[in-house]
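Undergrad: The structure's right below; bear with me while I get my questions together.
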Amino acid sequence: FFFFSSRRRHTRSSLVSWARRCVQETGINAEYMGITKNKMVEADGMQKLSQEFEYLDANGIDNVLIGLEEDEKKQKNFFCWEGEITATSGCPYEGATIKFKINFPTTYPFDAPAIVFAPPLYHPRVFQNGSNAGQICMDMLLPKKWKPNTPIADIIKKLVIMVQDPTSPDMATGVVDPNIEHELNSGKESFIAKAKEWAQDHQQSQLIQHQSLIHI
């Protein structure tokens, strides 16, 4: 059996090279031993996600609940996080409980996670309809800008900014709904009215009793 040290960082190329050396030096079939490139990358991603979750558990982000999705056997899935943001006083969604999911690919941290608001948040950077409904467009998650060492806490803090202040300069890129963006930039009255209507429909938390949720 082979184990990764939690103190050592691995790149995609180093993992592949390591697998090749195992085969060349031992003559043992890598596929048989379950040490293919994909398996190794997935194991490395699992380790990093575990560390990220422990960090969030030990530290805190105001007005956020976060947890791990569970299957029918109550097995936690570190590659699928679910959470809630409580919209604070003064923001367009005041009083609402805004649910989201963070889906990590098995190639994480080399590839960025995908984040979905469910139901879709009324926001210019959130897809409202179609197969992408609820999915957000966040600059730091774009393939060309994603950095494998990006802390998950930073991503969640960015989500909070999206909710608390849709006009924040941090949200200057990634518009996917130009109609909502136009409402936001032309007096805001229409946007705020629709945002408040959305908030009234989503004030009740449905995840608060989830066993794996932690208050951070």
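Undergrad: In what sequence, largest accessible area first, do SER131, SER168 appear using a 1.4 Å probe?
TA: Numbers: SER131 125, SER168 15 Å².
Solvent-accessible surface, decreasing: SER131, SER168.
Undergrad: Fully extended, how many nm does the chain gain between LYS73 and LYS194 (0.36 nm per residue separation, minus their Cα-Cα distance)?
TA: On the way: separation 121, 0.36 × 121 = 43.56 nm, distance 4.00 nm.
Gain on extension, LYS73 to LYS194, equals 39.6 nm.
Undergrad: Something else about it: Can you give me the distance in nm between label points at SER131 and ALA114, each placed 7 Å from the Cα along the Cα-to-Cβ direction?
TA: 0.9 nm
Undergrad: For HIS123, HIS202, give me the order by solvent-accessible area with a 1.4 Å probe, most accessible first, ignoring ligands, DNA and RNA. Mind showing how you got there, number by number?
TA: Working: HIS123 0, HIS202 40 Å².
Listed by decreasing accessible area, they come as HIS202, HIS123.
Undergrad: Another one. May I ask you to rank MET140, MET162, MET46 by accessible area, largest first, using a 1.4 Å probe over the protein chains only? Kindly include the intermediate steps, with their values, before the conclusion.
TA: Numbers: MET140 40, MET162 0, MET46 75 Å².
The most accessible residue leads, giving MET46, MET140, MET162.
Undergrad: Nothing charged except the Cβ atoms of Lys and Arg (+1) and of Asp and Glu (-1): what's the magnitude of the dipole of region 66-148 about its Cα centre? Round to the nearest 20 debye. Write down the numbers at each step before the final one.
TA: Values: 9 positive and 9 negative charges, 55 e Å.
Computed about the Cα centre, the dipole is about 260 debye.
Undergrad: Separate question: Multiplying the sequence separation of TRP146 and SER168 by 0.36 nm and subtracting their Cα-Cα distance, what value in nm do you get? Don't jump to the answer; show the numbers that get you there.
TA: Working: separation 22, 0.36 × 22 = 7.92 nm, distance 2.06 nm.
So the extension gain works out to 5.9 nm.
Undergrad: Over 30 Å between C-alpha atoms is what I'm after, so list which of LYS73/LYS144; LYS145/LYS196; LYS48/LYS157; LYS101/LYS144; LYS74/LYS144 land there.
TA: On the way: LYS73/LYS144 38 Å; LYS145/LYS196 33 Å; LYS48/LYS157 19 Å; LYS101/LYS144 22 Å; LYS74/LYS144 36 Å.
From the list (LYS73/LYS144; LYS145/LYS196; LYS48/LYS157; LYS101/LYS144; LYS74/LYS144), the Cα-Cα distance tops 30 Å for LYS73/LYS144; LYS145/LYS196; LYS74/LYS144.
Undergrad: Quote the FRET efficiency, to the nearest 0.05, computed for MET46 versus THR88 with a Förster distance R0 of 41 Å and r equal to the Cβ-Cβ distance. Walk me through the numbers before you get to the answer.
TA: Numbers: r = 34 Å, r/R0 = 0.82.
The formula returns an efficiency of 0.75 here.
Undergrad: Please name which of MET46, PHE110, ALA87 has its Cα lying farthest along the dipole of region 46-126 towards the positive end, using unit charges on Cβ (Lys, Arg +1; Asp, Glu -1) and the Cα centre as origin.
TA: PHE110
Undergrad: Leaving out ligands and nucleic acids, note down the accessible area per residue over region 115-165 with a 1.4 angstrom probe, in whole Å². Could the numbers behind the result be given before it?
TA: Working: 2270 Å² over 51 residues.
Accessible area per residue: 44 Å².
Undergrad: I'd like the FRET efficiency for THR106 and VAL175, computed as 1/(1 + (r/R0)^6) with the beta carbon distance as r and R0 of 22 Å, rounded to 0.05. All intermediate terms of the calculation are to be shown ahead of the outcome.
TA: On the way: r = 30 Å, r/R0 = 1.36.
Calculated value: 0.15.
Undergrad: Also: Leaving out ligands, DNA and RNA but keeping every protein chain, what accessible area does ASP62 have, in Å² rounded to the nearest 10, with a 1.4 Å probe?
TA: Number for this one is 120 Å².
Undergrad: With a cut-off of at most 14 other beta carbons within 10 Å, and DSSP calling the residue loop, which trypsin sites (Lys or Arg not before Pro) in region 103-169 qualify? Please list them.
TA: When the trypsin sites (Lys or Arg not before Pro) of region 103-169 are filtered for loop state and at most 14 Cβ neighbours within 10 Å, LYS144, LYS145 remain.
Undergrad: Scan around GLU82 for amide H atoms under 5 Å from its own, H built in the peptide plane at 1.01 Å from N, and keep only partners 5 or more places away or cross-chain.
TA: Long-range HN contacts for GLU82: GLY67, LEU68, GLU69, ILE102.
Undergrad: Let me ask something additional. With a/c under 1.5 counting as rounded, go ahead and sort region 52-157 into rounded, prolate or oblate using the C-alpha gyration tensor (a ≥ b ≥ c being the square roots of the eigenvalues; past the cut-off, prolate if a/b is larger than b/c, else oblate). Before the final figure, lay out the partial values.
TA: Values: a/c = 1.35, a/b = 1.15, b/c = 1.17.
The shape class here is rounded.
Undergrad: Next up: Full extension from SER186 to LYS157: what is 0.36 nm times the residue separation minus their Cα-Cα distance, to one decimal in nm? Don't skip to the end; give the middle numbers.
TA: Working: separation 29, 0.36 × 29 = 10.44 nm, distance 2.67 nm.
Extra length from SER186 to LYS157 when fully extended: 7.8 nm.
The values are calculated or read from the model by the stated rules, or taken from the named source; none is laboratory data. In this text the structure is predicted, and so the values were computed from the model without any measurement. Because the Cβ atoms are built from the backbone with ideal geometry, glycine has one as well, and the counts that use them run over all protein chains shown. SASA here: full protein model, heavy atoms, side chains in, ligands and nucleic acids out. Shrake-Rupley method; radii C 1.70, N 1.55, O 1.52, S 1.80 Å.
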